[in-house]
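The values are calculated or read from the model by the stated rules, or taken from the named source; none is laboratory data. Values in this document were obtained by computation on a predicted structure and should not be read as measured data. Cβ atoms come from the backbone with ideal geometry, glycine included; neighbour counts cover every protein chain shown.
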Amino acid sequence: MSDPLPPPRIHVALPGGARVTGRLLRWRQDRTGAWWAEVSLYVPAAAARQVDGEDYDGVPREPAAPTAAAYVMAADTRATPPTAEIHRVDCWMIADRAEWLRVTPLAEVEDVDPAALAAFPDTSLCGVCMTA
């Protein structure tokens, strides 16, 4: 059995004139007769703001592990200046972090010396995956 087709794409005009492409989930008519589009959008995490009082613990995370890299740099974007931590690609600590974490794949394993990267004053090695 094949996977169902994704919903059709639709262009959405945002306040300020920006346009993004989303997926049309359904049309819904309200009591006044006006039609509304239920749309799923992908936006950069920096453009999304959580609502106070909402529980986001159950929202699934789908991290994309780099295929050619053995290590990633996880930057804490809350700090000024940001601080960085070097992790192995499959480190569970990365998936456990909140929206303030920016993960960047590093070059192939032969090209990266994690200890050399940790020599920078704002960079450290993960205390979980890099201690083995």
Any hit, the stretch 27-43, residues being in a loop (DSSP other than H, G, I, E, B) and either at pLDDT below 90 or surrounded by 12 or more Cβ atoms within 10 Å (Cβ to Cβ) (or both)
yes
If you go through the stretch 1-49 one residue at a time, how many are free of Cβ contacts under 8 Å to residues at least 12 places away in the same chain, closer than 30 Å to L101 by Cα and touching a Lys or Arg at 6+ places or on another chain (Cβ under 8 Å)?
2
Single residue of the stretch 85-111 satisfying the filter (of a type in the set (D, E) and farther than 12 Å from V72 by Cα) that is modelled with the highest pLDDT
D111
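Could you please let me know if G22 is at pLDDT 75 or above, outside any strand (DSSP E or B) and farther than 30 Å from L125 by Cβ?
When the stated conditions are applied, G22 does not pass them.
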